[in-house]
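Student: The structure's right below; bear with me while I get my questions together.
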């Protein structure tokens, strides 16, 4: 069962069944650890689940504070760490010094990333040919892949177009 629903080549939102599964995982983990489900924690979790992919702590804090100005950085930080600990969120670093968080995915929702080094845009994509080639290479060397990440860095079309426009190139 996929954690993310897809539109075209980009990840766009999370399906309800997957969200329910992630919420159940979080609730079970919190019960095991003796943690309470506070109103602030619920707001942060709901905002994370409905927010943009690849949110930084600062991004999430801004979104959360639109609903409750009293929530502080430390509360958002601890909640994101909790989500990562229980396998609901994954911390990602794309070489710019920031930690970003995305919903954890399972094997059927695996995706890779294109990262613009100019504007920071992150595009998620799935490409079965890349996955097949990686498996073929692993098999060739007798290697069993348990997980991987694939990130490609470059300049997105928008940044290239704006650079060309600024320089008068058409």
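Student: Residues 66, 84: which one is surrounded by fewer than 18 Cβ atoms within 10 Å (Cβ to Cβ), modelled with pLDDT of 90 or more and in contact with a strand residue (DSSP E or B) (Cβ under 6 Å, 6 or more places away or on another chain)?
Tutor: Being surrounded by fewer than 18 Cβ atoms within 10 Å (Cβ to Cβ), modelled with pLDDT of 90 or more and in contact with a strand residue (DSSP E or B) (Cβ under 6 Å, 6 or more places away or on another chain) holds for just one of 66, 84, which is 84.
Student: Quick check on region 12-21. Is at least one of its residues modelled with pLDDT of 90 or more and outside any helix (DSSP H, G or I)? Walk me through it before giving the result.
Tutor: Within region 12-21, the first condition is being modelled with pLDDT of 90 or more, and the residues that meet it are none.
Looking for residues that are modelled with pLDDT of 90 or more and outside any helix (DSSP H, G or I), one finds none in region 12-21, hence no.
Student: Now for a separate question. I'd like to check something: does region 88-100 contain any residue that is free of Cβ contacts under 8 Å to residues at least 12 places away in the same chain, assigned by TED's automatic domain parsing to the domain that holds residue 40 and not in a strand (DSSP E or B)? Break it down stepwise before answering.
Tutor: Residues of region 88-100 that are free of Cβ contacts under 8 Å to residues at least 12 places away in the same chain, as a first pass: 91, 93, 97.
Filter again for assigned by TED's automatic domain parsing to the domain that holds residue 40, leaving 91, 93, 97.
Checking the rest, the ones that are also not in a strand (DSSP E or B) come to 97.
Scanning region 88-100 turns up at least one residue that is free of Cβ contacts under 8 Å to residues at least 12 places away in the same chain, assigned by TED's automatic domain parsing to the domain that holds residue 40 and not in a strand (DSSP E or B).
Student: Out of the residues in region 27-41 that are farther than 14 Å from residue 79 by Cα and surrounded by 10 or more Cβ atoms within 10 Å (Cβ to Cβ), which is nearest to the chain's Cα centre (by Cα)?
Tutor: Result: 28.
The values are calculated or read from the model by the stated rules, or taken from the named source; none is laboratory data. A quick note: this is a predicted structure, and the numbers were derived from the prediction, not measured. Heads up, the Cβs are rebuilt from the backbone with ideal geometry, glycines too, and the neighbour counts pull from every protein chain shown.
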